[in-house]
Amino acid sequence: MKPPTTKADLRRELDRQVSEYLRGGGQVQEVPRGISGRDSAEGPLPQAPLMSGGERGDRTYLVDVIAAIEARRKPAAPPPKRPRRPQKKLIYDDFGEPLRWTWED
C-alpha cells in the first residue's frame, strides 16, 4: 500500500518542479500588488449569467405543489401475507436429552 502524500511532500515536489523550470530557461513574471485579473478594472462587475437583470417570472410556491402531488399519490398496498410455514421443533425428554423432531404450525 502506498503511503499518503503529505503537505511537505507536495511542497518539495512543487519546489523541485519550479527549480527545474527555472534551470531550463523559464522565467517567472511578477505582477505588482493591486493589479486585477480583469481586462477593464473600471466600472461595475459584469452580471453573472444566472443573475441577469431581466423580467422576473411569477413564483410558484412549492408547498402547494407538493401538497397536490401528495394528494394524487395512491396509498401503498400492504404486502400480501404469506401463510406461515410449519416449523421443526425438537422434543426433549425429562433428562434434557433429544427425543424426536416434530412439526409445529
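Only the coordinates and a few stated rules stand behind these numbers; no lab work does. The structure displayed is predicted, hence computed values, not measured ones. We place every Cβ from the backbone using ideal geometry, glycine too, and count neighbours over all the protein chains shown.
In the range 66-105, the inverse of the mean reciprocal separation of distinct Cα atoms equals 14.7 Å; this is its Kirkwood hydrodynamic radius.
Compute the length gained on full extension between residue 15 and residue 30: take 0.36 nm times their separation in residues and subtract their Cα-Cα distance, giving the result in nm to one decimal. Don't jump to the answer; show the numbers that get you there.
On the way: separation 15, 0.36 × 15 = 5.40 nm, distance 1.72 nm.
Net length gain for the segment: 3.7 nm.
In straight-distance terms, cross-link reach from residue 81 covers every one of the lysines whose alpha-carbon lies under 29 Å from its own, apart from those fewer than eight places away in the same chain; here that gives 89. Taking label points 7 Å from Cα along the Cα-to-Cβ direction, residue 81 and residue 94 give a separation of 4.1 nm.
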